[in-house]
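Here the structure comes first, spelled out in structure tokens, and everything after it is commentary.
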Amino acid sequence: MGCARTVWNAKCDDERYMTRFALKSCPLGTYAPVDQTYAQYKNKELTPWLFECPSQVLRNAAAHWYQTYRNFITGLCGKPKRKKKTDKGSVLLTAELFEFKENAYGQLELWIGTKKHPVGLLRLKQHRSFKRPRSLRIKRELGVYLVSFCYQEQEALVQDQSTSLEQLAFLKQQSLEYLQAHTVAIDRGVVIAAQTSTTSYDLTPRQLAKKLAKQSYLKQQQRKLAKQPKGSNRRKTTVHNIGKAHQKIRNIRDNFCHQTSHAIVSNPETKVIIIEDLKTRNMTQSAKGDNEKPGKNVSAKAGLNRAIVDKGWHRLETYLGYKAKKYGKSLFKVSAAYTSQECADCGHIHPENRKTQAEFVCVHCGYTAHADRNAADVIKKRAITFILHSGTELSAKGVLVPPRPQVDTGRGERSKTSLGQAQSAVLNE
């Protein structure tokens with residue numbers, strides 16, 4: 001991992017130096033060369049440790065940097081940056097760098113390295129049979145090593161646009177009764193993580209108790225860290241303990257998202273899954289403001305941001321996406337505008353409909369329900385309405401876009417769109 005990081009940082013430094021040199025000393029239109037070479041970094045006086053590392057590891061690091069930089073040029077990611085020397089790290093191993101063998105006791109072992117430069121072995125406990133992967137990625141975090149198997153399947157598990165369009169065209173031909181019986185809408189909240197029309201999904205009492213215990217331990221360690229001098233060994237131990245506590249909380253959240261997504265997708269009656277198109281990054285922006293325009297209710301907004309991030313909305317959406325593709329089911333999004341204020345019975349929208357966080361009482365028809373369950377019903381009816389409408393389109397992000405109404409505004413005027421308006425969830429049966 002250290003050798004791969006050395007090559008990565010060297011490529012970053014070379015690109016930075018050559019770019020500045022080209023700007024100052026070369027004609028306009030001259031750019032720094034971007035390639036996958038790495039042999040120039042092997043020097044017996046400056047970097048003798050690179051000669052003890054398999055050359056394939058250095059090649060993979062240079063190729064990974066090159067691919068990342070190409071993605072940066074096309075706008076898919078940010079510019080590659082230097083990696084610091086920490087307790088975290090990862091390394092990519094291609095097929096010639098590892099081999100699976102069984103020892104004399106019948107245990108499976110993963111041999112890493114080449115004949116000239118052997119690295120070592122990892123003992124594995126095989127719970128089920130698996131195919132030989134094309135490559136491996138070994139990740140280290142807080143003293144724990146994780147091995148990820150990388151495969152290249154003919155059909156990816158991510159939901160592509162062509163498949164979504166085919167599924168939408170199929171659903172448009174179905175009846176209203178079919179969609180109502182086989183559609184599940186999910187409302188994500190800060191109190192109840194996921195709510196459908198019939199079921200609430202949240203942490204179990206055991207998971208919640210473990211999470212609260214780790215959060216209490218985390219506060220204790222953070223107070224302890226504030227009193228310790230920087231650079232001391234005890235401070236390093238406290239930092240390690242804080243990282244382990246955060247890792248445990250993250251594992252609890254990840255486990256909940258896996259269990260919830262599996263329970264929803266694996267239901268045989270579920271054919272279509274609907275979620276809101278939530279802009280989590282925008283919803284969790286800081287409210288501090290600046291000196292000229294300070295923010296209001298900063299502490300309350302900070303608590304709301306922590307609650308949103310703690311529920312793992314985006315991770316649940318990601319797991320639902322690839323599992324729905326694996327089970328051959330449809331996943332679509334609808335606009336989240338006014339889903340918490342709209343009545344699922346009559347379609348009336350008003351801020352006073354939601355009295356409290358959990359209570360929903362329509363001021364127009366008097367319909368009463370749990371607020372999250374009413375929102376799930378609104379999402380479901382809105383999605384079915386869009387699916388059955390012949391003019392509904394699908395955006396690149398999988399959002400059902402309703403057709404724009406044709407408004408005659410007179411000669412020389414432009415028709416206004418309804419993208420910012422709420423769409424009623426009432427169905428015309």
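Protection proxy ranking of 197-205, 240-248, by the mean of other Cβ atoms within 10 Å over each peptide's residues and highest first, is 240-248, 197-205.
In a simple Cβ point-charge model (Lys, Arg +1; Asp, Glu -1; nothing else charged), the chain has a dipole of about 2660 debye relative to its Cα centre.
Cysteine residues of the chain whose Cβ has no partner cysteine Cβ closer than 4.7 Å: C12, C26, C77, C150, C257. Per residue, the solvent-accessible area of the range 39-129 (1.4 Å probe, heavy atoms of protein chains only, all protein chains present) comes to 73 Å². Between the range 352-389 and the range 217-260, what is the separation of their alpha carbon centroids in Å? The distance from the Cα centre of the range 352-389 to that of the range 217-260 comes to 40 Å. Result for the chain in a Gaussian network model with C-alpha springs under 10 Å: among E342, E166, E102, the largest mean-square fluctuation is at E102. Here K139 is the anchor, and the aspartates and glutamates within straight C-alpha reach of less than 14 Å, apart from those fewer than 8 places off in the same chain, are D87. Check the straight Cα-Cα distances from K397 and name the aspartates and glutamates below 16 Å, setting aside those fewer than 8 residues away within the same chain. Answer for K397, where 16 Å is the Cα cut-off: D160, E166, E276, D277, E317, listed by chain and number. Packing, taken as the mean count of other beta carbons within 10 Å per residue, orders the peptides 42-53, 176-187, 366-377 from highest to lowest as 366-377, 176-187, 42-53. Cross-link reach is defined here as a Cα-Cα straight distance under 19 Å, omitting same-chain residues fewer than 8 places apart; for K116 the aspartates and glutamates meeting it are E52, E96, E99.
Of the residues P403, P133, P229, the one that moves most in a GNM of the chain with alpha-carbon contacts below 10 Å is P229. Step through the table entries K44/K131; K81/K325; K11/K125; K326/K381, compare each Cα-Cα distance with 28 Å, and write down the pairs that go over it. K44/K131; K81/K325; K11/K125, as the Cα separations exceed 28 Å there. Filter the cross-link list K214/K311; K311/K333; K224/K248 down to pairs whose alpha-carbon distance in this structure exceeds 21 Å. In this structure, no pair lies more than 21 Å apart at Cα.
Largest to smallest in accessible area, the residues H127, H314, H258, H389 fall in the order H127, H314, H389, H258 (1.4 Å probe, all protein chains included). Got a number for carbon plus sulfur as a percent of the chain's accessible area, 1.4 Å probe? Percent of accessible area from carbon and sulfur atoms in the chain: 52.
The values are calculated or read from the model by the stated rules, or taken from the named source; none is laboratory data. All of these numbers come straight from a predicted model, not from anything done at the bench. As a convention, Cβ positions derive from the backbone with ideal geometry for all residues, glycine included, and neighbour counts pool all protein chains shown. Side chains included, ligands, DNA and RNA excluded: accessible areas come from the protein's heavy atoms. Shrake-Rupley method; radii C 1.70, N 1.55, O 1.52, S 1.80 Å.
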